[in-house]
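Working notes, structure below.
The values are calculated or read from the model by the stated rules, or taken from the named source; none is laboratory data. In this text, all values refer to a predicted model and were calculated from it rather than measured experimentally. Cβ placement follows ideal geometry from the backbone for every residue including glycine, while neighbour counts extend to all protein chains displayed.
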Amino acid sequence: MKLIAATLAALLPLSACAEAETPQAEPAKPAASEPKISPSIPISVKEARRGPVDLTPYIGKYPFDVVSGHRFLDHPSVKAAIAAAVPDADARAQVVFADNGLGLPIARVAGGRILAWGGARRAEDRYNWSVVVAPDGTNPEVCVFEAVGDDPERWSSTWYAPGQPTIMKQRGCPSAAEDYPAAEIVAG
């Protein structure tokens, strides 16, 4: 018994030295094949691995048309762009294409970006939205319009962009290339 205790006492300092010399493991680094994803656009790695995004096939289609398995607002890159631009969940929920909603063909606008517009059926002049995004799903702007009062000269829309404060612009959201960019509010 004394022999076992003496052996353990002799080995104890050696085991402490061995632990001190063991190099600390470095944090895992992402594999070179993993895509780099911008933190401002929350898309999954699975979606990012599908390759570059090209939303141009939606041009000329309606927001409710299915292109490559997705309606425009349901495309993962568009959903991520809207989420990045509109942090408020209640405001983001207003940008939806209801099955009975109205839409116009998606158009290319100034700067080569893509504009999609939708409105409430039979109330499109009182409630509508627009999503403007680059063909690769970046650089989004989202417009939400809900008319308040009866004077169209006083109506304004709310514009959202990632990392920016909301901006009010005149009238409803743009529905065609010639309506974009929306007019700034003029005091007077």
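Name every residue in the range 87-138 that is surrounded by 20 or more Cβ atoms within 10 Å (Cβ to Cβ), of a type in the set (Val, Ile, Thr) and either outside any strand (DSSP E or B) or at pLDDT below 95 (or both), in order of residue number.
Matches in the range 87-138: 95, 106.
Just the residues that are in contact with a strand residue (DSSP E or B) (Cβ under 8 Å, 6 or more places away or on another chain) and under 12 Å from residue 139 (Cα atoms), please, taken from the range 78-99.
Listed by number, the residues that qualify are 78, 81, 82, 85.
Quick one: residue 84 ticks every box in (1) part of a loop (DSSP other than H, G, I, E, B); (2) in contact (Cβ under 8 Å) with a residue 60 or more places away in the chain; (3) not aromatic (Phe, Trp, Tyr) except a single one, so which number is it?
(1)
From 102, 115, 73, grab the single residue that is without any contact (Cβ under 8 Å) to a residue 40 or more places away in the chain, under 19 Å from residue 172 (Cβ atoms) and not basic (Lys, Arg). Give the steps one after another, and end with the answer.
Working: 115 fails: without any contact (Cβ under 8 Å) to a residue 40 or more places away in the chain; 73 fails: without any contact (Cβ under 8 Å) to a residue 40 or more places away in the chain.
It is 102.
Sort out which residues of the range 54-68 are on the phi > 0 side of the Ramachandran plot and modelled with pLDDT under 95, and write them in order of number. Please lay out each step first, then the result.
Taking the range 54-68 and keeping what is on the phi > 0 side of the Ramachandran plot, we get 60, 68.
The answer is 68, and nothing else.
Among the residues of the range 157-180, write down those that are under 22 Å from residue 61 (Cα atoms) and surrounded by 15 or more Cβ atoms within 10 Å (Cβ to Cβ).
Filtering the range 157-180 for residues under 22 Å from residue 61 (Cα atoms) gives 172-180.
If the condition is that a residue be under 22 Å from residue 61 (Cα atoms) and surrounded by 15 or more Cβ atoms within 10 Å (Cβ to Cβ), then 172, 173, 174, 175, 179, 180 are the ones that fit.
Have a look at 146, 141, 153 and point out the one that is surrounded by 13 or more Cβ atoms within 10 Å (Cβ to Cβ), among the acidic types (Asp, Glu), farther than 25 Å from residue 57 by Cα and out of contact with any Asp or Glu (no Cβ under 9 Å at 6 or more places or on another chain). Please lay out each step first, then the result.
Working: 141 fails: farther than 25 Å from residue 57 by Cα; 153 fails: surrounded by 13 or more Cβ atoms within 10 Å (Cβ to Cβ).
Testing whether each residue is surrounded by 13 or more Cβ atoms within 10 Å (Cβ to Cβ), among the acidic types (Asp, Glu), farther than 25 Å from residue 57 by Cα and out of contact with any Asp or Glu (no Cβ under 9 Å at 6 or more places or on another chain) leaves just 146.
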